[in-house]
Amino acid sequence: MLIALLVPLGLASLAFTIILFRAAIAQRAVPKPEGLVLGAVTNFFDTLGIGSFAPTAAWFKFRKLVPDRLIPPTMLVGHSLPTLAEAIIFLLLLGVMVDPVLLVGCAIATLMGGLLGAPLVARTRVWVIQLVVAIALVLAAATYALTNLHMMPGGGTASGLPLTLTVIAIIANFIFGILLNFGVGNYAPTLVMLSLMGMDPRLCFPIMAAGASLTVAGAGARHIALGQIDLRMVMGMALGGLPAVFIAAFIVKSMPIELLRWLVIVVVLYAAAVMLRAALAGRKAGSSRAQQVPVAG
């Protein structure tokens, strides 16, 4: 069953890489240097367990690198190749220990949600995207704080779940796939949910990574086709992040990151406050324009 997931994942990685580089060549999208550094740093620490979406969104907003509407799809596509590499690594190291029905079911559900969410985010108002990203950043900061305070669910030792919990987990991952398109990472909610259900936290990583990787390959290709991304930033993040994943996974392997998490919390909360303010201002401006539209009669 693991081979049945690794083969399509490998093919999806190859197809997505071709689509991404073809678009970059067609648009002459030279990687942004800051994107290279950002991709390397965020994906290095993502592999070690910090997560990449929240720090990336915070840095985008802090540095004003990308328009708010383009933040979620640019993040999703930019972290695509590193996420695909992470998934293959985690599946090879730990995937054989996980219940195959749970692993494949959650991965496919996340992909289906991701494909549904890609066109949704393209049609969503800017202030709604800003609000969703702001909420996601606050939740990410809370997760980081709980992790540092050792208050996260400890989990159990299970490698699989009963049928009812498996169905719940699959449905939840479908929702997480939709939210990935809005800049809400799937790692933290999946880890919390499965740990509360009694899963061994280590074995959650293949499930999270497999779902995220298939989603970035599928939904990412749709975002490239829609064209609502900063392709130069995407190329920088992808090329910078890919080697960082292998360095973190096979050379560094582990390091103390509690202090870094506290620093990330500060940056993430600041970005959340700025994003929330922009969302409220955008909603107010939209309401004002709607009231000024003359009514025909």
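For the reader, a short list of remarks on this structure follows.
- Probe 1.4 Å, protein heavy atoms only - accessible area per residue of the chain in square angstrom: 46 Å²
- Among the trypsin sites (Lys or Arg not before Pro) found in segment 252-286, those both in a DSSP coil and sparsely packed, with 12 or fewer other Cβ atoms within 10 Å of their Cβ, are Lys253.
- Once C-alpha pairs closer than 8 Å and six or more residues apart are averaged by separation and normalised to the residue number of segment 158-297, the relative contact order reads 16 percent.
- The aspartates and glutamates whose alpha-carbon is closer than 12 Å to the alpha-carbon of Lys32, local same-chain residues fewer than 8 away aside, are Asp230.
- Among the trypsin sites (Lys or Arg not before Pro) in segment 1-102, those located in a DSSP loop and surrounded by at most 16 other Cβ atoms within 10 Å of their own Cβ are Arg28, Lys64.
- Here the relative contact order of the chain, from alpha carbon pairs under 8 Å that lie six or more residues apart, stands at 38 percent.
- Against the main long axis of the alpha-carbon atoms of the chain, helix 2-26 sits at an angle near 30°.
- Take the Cβ atoms of His150 and Arg63, set R0 to 25 Å, and the FRET efficiency comes out at 0.20.
The values are calculated or read from the model by the stated rules, or taken from the named source; none is laboratory data. What you see is a predicted model, and the numbers here were worked out from it, not measured in a lab. Virtual Cβ from ideal backbone geometry, glycine too; neighbours counted across all protein chains shown. Heads up: the accessible areas ignore ligands, DNA and RNA and are worked out on the full protein's heavy atoms, side chains in. Shrake-Rupley method; radii C 1.70, N 1.55, O 1.52, S 1.80 Å.
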